[in-house]
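The next block holds one structure in the form of structure tokens; read it before the comments.
The values are calculated or read from the model by the stated rules, or taken from the named source; none is laboratory data. Only a predicted model underlies this, so the values are computations on that prediction, with no experimental measurement involved. Counting neighbours? That spans all protein chains shown, and the Cβs are built from the backbone with ideal geometry, glycine included. Side chains included, ligands, DNA and RNA excluded: accessible areas come from the protein's heavy atoms. Shrake-Rupley method; radii C 1.70, N 1.55, O 1.52, S 1.80 Å.
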Amino acid sequence: MGWTTRFLAAVAFLAIGVVFSPETFGSKSAKLTTFIKLAHLLCFSTAWGAALWVTFIGGIIMFKNLPRHQFGNLQSKMFPAYFSMVGVCCAVSVACFGYSHPWKSSSTAEKYQLGFLLSAFGFNLTNLFVFTPMTIEMMKQRHKVERESNIGEEVGWTKNQEVAKVNPKLAAMNKKFGMIHGLSSMANILSFGSLAMHSWYLAGKIDL
């Protein structure tokens, strides 16, 4: 099934849901409110689900099964797209939540939730425009040094660590890469945590 087919199938199911929703034939204000809630819910759930998968499942599986340079090259293509998508979803969620809960009339809990969403948005922008470009550039430099030592096509870090013991240049690169990658990972975890806090808030609002 191609990308276009999958997208059209998703749109079709969404359209069916809209048609059979009680609010579909209500007033214009009710329709707008429902649309804003839908946009917020879809964008938030997409951001949170993507963060969960990339951070705790997909990345770990790829690292444990792909040759290290292949894994790094794949991550260098995937992470800009990942942070862009999550950033856009967070921005839409912020806009929708802010519209539904104007600051002056919002409760303290609602103001905190807007803060969590803004934090997730900010952490993703930081990763997209600061840490990710630095990490990718450092990775490319380290790959070049590793290829000169005939390593990088193995799975895992063992050979890198062995060579770094006798190669000061690689050891310095490992240290710098680890620092930048650590900052990127921390920003990603903080973003995920902010989204998790909002998921708890939303769960308290759902009546099943």
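Annotation note: of V145, V88, the sole residue that is under 23 Å from A47 (Cβ atoms) and aliphatic (A, V, I, L, M) is V88. Restricting T158, T135 to those that are of a type in the set (S, T, N, Q) and surrounded by 12 or more Cβ atoms within 10 Å (Cβ to Cβ) reduces the list to T135.
Could you say whether any residue in region 25-36 is surrounded by 14 or more Cβ atoms within 10 Å (Cβ to Cβ), under 23 Å from the mean Cα position of the chain (by Cα) and at pLDDT below 95? Write out each step before concluding.
Taking region 25-36 as the starting set, the residues that turn out to be surrounded by 14 or more Cβ atoms within 10 Å (Cβ to Cβ) are 31, 33-34, 36.
Narrowing further to those that are under 23 Å from the mean Cα position of the chain (by Cα): 36.
Remaining after also requiring at pLDDT below 95: 36.
Among the residues of region 25-36, at least one is surrounded by 14 or more Cβ atoms within 10 Å (Cβ to Cβ), under 23 Å from the mean Cα position of the chain (by Cα) and at pLDDT below 95, which makes the answer yes.
Applying the set (1) touching a residue at least 40 places away in the same chain (Cβ under 8 Å); (2) within 19 Å of L117 (Cα to Cα); (3) of a type in the set (G, A, S) to G49 leaves exactly one unmet item: (1).
Is it the case that region 110-119 has a residue that's closer than 28 Å to N73 by Cα, surrounded by 18 or more Cβ atoms within 10 Å (Cβ to Cβ) and small (G, A, S)? Can you show your working first?
At the first step, the residues of region 110-119 found to be closer than 28 Å to N73 by Cα are none.
Looking for residues that are closer than 28 Å to N73 by Cα, surrounded by 18 or more Cβ atoms within 10 Å (Cβ to Cβ) and small (G, A, S), one finds none in region 110-119, hence no.
Among the criteria (1) out of contact with any helix residue (DSSP H, G or I) (no Cβ under 7 Å at 6 or more places or on another chain); (2) surrounded by 13 or more Cβ atoms within 10 Å (Cβ to Cβ); (3) not polar (S, T, N, Q), the one F79 does not fulfil is (1). Across region 85-106, which residue is farthest from E137 (Cα to Cα) among those that are in a helix (DSSP H, G or I), open to solvent by less than 50 Å² (accessible area, probe 1.4 Å) and small (G, A, S)? Checking each candidate, the answer is G98.
Within region 27-46, the only residue that satisfies the criterion of being touching a residue at least 12 places away in the same chain (Cβ under 8 Å) and of a type in the set (F, W, Y) is F44.
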